[in-house]
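Heads up: the structure comes next, in structure tokens.
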Amino acid sequence: MNLQRIKLTVIKMPLKIPFSTHLETVSERESILVEATGKDGAQGYGEGVAFSSPWYTEETVKTSHHMLKDFLIPLLKRSPVHHPAEIEHLFRSIRRNQMAKAAIETALWDLDAKRRGVSLARRLGSTAGRIPSGVVIGTPDINDAISHIEDYILKGFQRVKIKIFPDHDIEFVRELRRRFPTLDIMADANSAYTLEDVDRLKALDEFGLMMIEQPLASDDIIDHAVLQRQIATPVCLDESIVSYEDARKAIEIGSCKVINIKIGRVGGLYTAVKIHDMCKEKGLPVWCGGMIEYGVSRAHNIALASLPGFTIPGDISGSDRYWEEDIVTPEIKVEDGFIEVPTKPGIGFQLNLKRLKEVTVSEEVFDF
Ligand SMILES: O=C(O)CCC(=O)c1ccccc1C(=O)O
Ligand SMILES: [Mg+2]
């Protein structure tokens, strides 16, 4: 792709309010911005979405940076690709490290779309003009959660996701259901349960949740299939699906009825689109998951989620959900519950260089 250089910038910003799961409370977000510059001067952007510590997956900001610097960038230098869809194959020689891989791969998709003068959404095959927006509540306190939800409903958000875990599930959901009888609610457990909790999980059936996301172990598809046979609420897999093959096998054995596709978790847009295509063919709904990300990753999510198989609103909120000021301009906005799909070339957002400078921790340039 005629690359001139790749720049890695580590950035860090506090969240407006901390985001809690049973595993970790995130109050500050570090990420890696990837800037790929071509010999023609064109630039593409990607965002490494690993967290500072390995609570969600095994990757961290530091391991991602190490992979990018010591393996992925050198590999790309040695073996130039002509098309971003070749990256997945090239990177197969390096095991896992999906978020590090996706950080480069997404930057190259942006670069490629810009060179062709088309939006990334169009480049991926989408024609949608806007996507519905969903939001995640990261506050375990019931009263805070209710007031945040009221606020989000007024802003038009189309569905709300809450985090659950044992002792913070049945009564919490019952109260929310009582306050919001018709709201589309999904519950994400981030692997807080085992099959021994099947009665607790069955008890959630009466609340008409849209789905329960990743109730069991983060690497499991077998027990999820056993669980899905015993509960009416659709099971959605997140952590368990890190590749196309994972998705194929999970569907085949009935581990889930819905899949949350995250570009970072599956190693890039190529695989994300491939999983989408398969699910669409099999009639399995998908939605785009969030990673408490900055505007660059959000922009990639918007393009992906504009594909026709994304029939459920994703964890895609606006820049102001987490940030006082985002690193992209214009900021990502939710209007009447929808986000407009940009029509400008590539991701359709510019970097806010002033803001980027303020939040930069370190940067490193790799010449090709
Ligand atoms: O980006 C968001 O708005 C939050 C999405 C979310 O729930 C989440 C955030 C960080 C890590 C894992 C998850 C998850 O979906 O499990
Ligand atoms: Mg999840």
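The values are calculated or read from the model by the stated rules, or taken from the named source; none is laboratory data. These numbers come from a predicted model, not from an experiment. Here the Cβ is made from the backbone with ideal geometry for all residues, glycine too, and neighbour counts use every protein chain on show. Heads up: the accessible areas ignore ligands, DNA and RNA and are worked out on the full protein's heavy atoms, side chains in. Shrake-Rupley method; radii C 1.70, N 1.55, O 1.52, S 1.80 Å.
Observations on the model:
- In summary, the stretch 47-154 shows an alpha-carbon radius of gyration equal to 1.42 times the 2.2 N^0.38 Å reference for compact globular proteins.
- Note on exposure: TRP55, TRP109 ranked by accessible area (1.4 Å probe, complete protein assembly) read TRP55, TRP109, with the most exposed listed first.
- The chain, accessible surface, carbon-and-sulfur percent (1.4 angstrom probe): 49 percent
- Stokes-Einstein diffusion for the chain, with the hydrodynamic radius set to the Kirkwood value over Cα pairs and evaluated at 4 °C in a medium of 1.567 mPa s, equals 63 µm²/s.
- Model label sites at HIS89 and ARG177, defined 7 Å from Cα along the beta-carbon direction, differ in position by 5.0 nm.
- Surface accessible to a 1.4 Å probe, THR127 within the full protein complex, Å²: 120 Å²
- Solvent-accessible surface of protein heavy atoms, probed at 1.4 angstrom with all chains present, puts THR311, THR57 in the order THR311, THR57, largest first.
- LYS274 accessible area, assembled protein chains, probe 1.4 Å, Å²: 80 Å²
- Dividing the C-alpha radius of gyration of the stretch 122-340 by 2.2 N^0.38 Å, with N its residue count, gives 0.98.
- More than 20 Å apart - percent of Cα-Cα pairs taken over the stretch 253-316: 18 percent
- Reported value for the stretch 129-252: 118 Å³ per residue, from the convex hull of its C-alpha atoms.
- Over the stretch 238-368 - Rg/Rh using Cα atoms and the Kirkwood inverse-distance radius: 1.02
- Amide H contacts of LYS161: VAL135, VAL136, ILE137, MET186, each under 5 Å away and 5 or more positions distant or on a separate chain (H built 1.01 Å from N in the peptide plane; Pro and chain starts excluded).
- Accessible surface, per residue, of the chain when the full set of protein chains is kept, probe 1.4 Å, Å²: 41 Å²
- Here the mean projected area of the convex hull built on the C-alpha positions of the stretch 216-304 is 5.6 nm².
- Its Cα centre serving as origin, the chain has a Cβ charge dipole (Lys and Arg +1, Asp and Glu -1) of approximately 1360 debye.
- Heavy-atom accessible area for TYR56, with the other protein chains in place and a 1.4 Å probe, reaches approximately 20 Å².
- For the stretch 122-340, the number of Lys pairs separated by eight or more positions or lying on different chains, with C-alpha atoms closer than 18 Å, is 17.
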